[in-house]
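In what follows, a single structure is set out as structure tokens and then discussed.
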Amino acid sequence: MGSEDHIFSYTAHRTGSTTLGSVFYETAGDGPVTLILLHGFPFDRRLWYKLIPQLKGAKIILPDLPGFGNSALTANEASMETYAESIYAVLQSEAVKHVIMAGHSMGGYVALAFAEKYPHLLSGLSLIHSSAFADDQDRKLKREQVKAFITQHGAQQFTRSFVPGPFSPDFTNTPEIETLIHWAEDCTTDGLIAAVDAMKNRPDRTHVLKNLQVPVQFITGEKDPIFIPDITYQQAVIPATAVIDLMKDTGHMGMIEQADEMAKMLTGFIQLCSLY
Ligand code: MLT
């Protein structure tokens, strides 16, 4: 799964400067539509590598959100809105007029902020183990504890302890988790803290789901310890057109735990969006 051993071909690019810094991204594949995949926290574009070779029918764009992977964060703080603006810069660099946007967890929060600001650019939205609800008080409190841990122990110790947690209990101690931990070593304390604050401060975006005129896909893991399927079911009734894909025996990391299955779900969604 490492960038060294995958055989799929990626092309590297970088945008000009944005509010949060310039954005590094890779493109892969080809097809009549464009799919952009936004990684969750504390990962980067490489989160998707296992899935990509099995995705069919789209040109794929994989950005590193500012503060992750090869995209340095040059601002003191970030928000879902400013992350979304940095993704807009990626689409401008690629001269993309319409895109299917899929976001994993925090990437889904960014996708929702993007959908609010640039709905005319979307031809589909896929929320993968994600939610349009804001943090409740309990979760906001946990964010403060996470920030305190990162400040005290540093980025590397945090990512090593955090990365295995969201997987289902059946998927532990795998080489894939070790690879993710290794990649997360690129995270900086500032980048992580900015993202934790952005997640804590994000507003509820269920109105975005209500207003969207394009299909919305919800991919949910049966054993997701962060977003139980019920959270998805509550939101899936909101958009005009919605698809729910339940991943059995899967935690919060379906693109690693069951990459074949998630690739099929996304490929099906690409086909559905093409009909609209
Ligand atoms: C993620 O997977 O992106 C984060 O864990 C989401 C969150 O903490 O809300």
Taking the condition without any contact (Cβ under 8 Å) to a residue 40 or more places away in the chain and surrounded by 21 or more Cβ atoms within 10 Å (Cβ to Cβ), does MET253 pass? no
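Given ILE193, ILE228, ILE150, which one is within 20 Å of GLN258 (Cβ to Cβ) and either within 16 Å of the ligand (Cβ to nearest atom) or among the hydroxyl-bearing types (Ser, Thr, Tyr) (or both)? If you could, list the steps in order and put the result at the bottom.
Working: ILE193 fails: within 20 Å of GLN258 (Cβ to Cβ); ILE150 fails: within 20 Å of GLN258 (Cβ to Cβ).
Exactly one of ILE193, ILE228, ILE150 is within 20 Å of GLN258 (Cβ to Cβ) and either within 16 Å of the ligand (Cβ to nearest atom) or among the hydroxyl-bearing types (Ser, Thr, Tyr) (or both), namely ILE228.
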For LYS59, indicate whether it is out of contact with any Phe, Trp or Tyr (no Cβ under 8 Å at 6 or more places or on another chain) and either aromatic (Phe, Trp, Tyr) or assigned to a strand (DSSP E or B) (or both). yes
Across the stretch 6-55, what is the total count of residues that are assigned to a loop (DSSP other than H, G, I, E, B) and over 18 Å from THR179 (Cβ atoms)? 15
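Could you check the stretch 114-141 and list, in sequence order, the residues that are within 14 Å of the ligand (Cβ to nearest atom), surrounded by 13 or more Cβ atoms within 10 Å (Cβ to Cβ) and not aromatic (Phe, Trp, Tyr)? It would help to see each step written out before you state the result.
In the first step, residues of the stretch 114-141 are kept if they are within 14 Å of the ligand (Cβ to nearest atom); the result is 127-136, 138-141.
This time we only want the ones that are surrounded by 13 or more Cβ atoms within 10 Å (Cβ to Cβ), so: 127-135, 139-140.
Within the stretch 114-141, LEU127, ILE128, HIS129, SER130, SER131, ALA132, ALA134, ASP135, ARG139, LYS140 meet the criteria.
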Condition check: without any contact (Cβ under 8 Å) to a residue 40 or more places away in the chain and either touching a Gly at 6+ places or on another chain (Cβ under 6 Å) or among the basic types (Lys, Arg) (or both). Does ARG143 satisfy that? no
Quick check: anything in the stretch 184-201 touching a residue at least 60 places away in the same chain (Cβ under 8 Å), surrounded by fewer than 22 Cβ atoms within 10 Å (Cβ to Cβ) and part of a loop (DSSP other than H, G, I, E, B)? yes
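Values in this text are rule-based calculations from the coordinates and carry no lab data. Fair warning: this is a prediction, and the values are worked out from it, not measured in the lab. Using ideal geometry, Cβ is built from the backbone for each residue, glycine included, and neighbour counts are taken over all protein chains shown.
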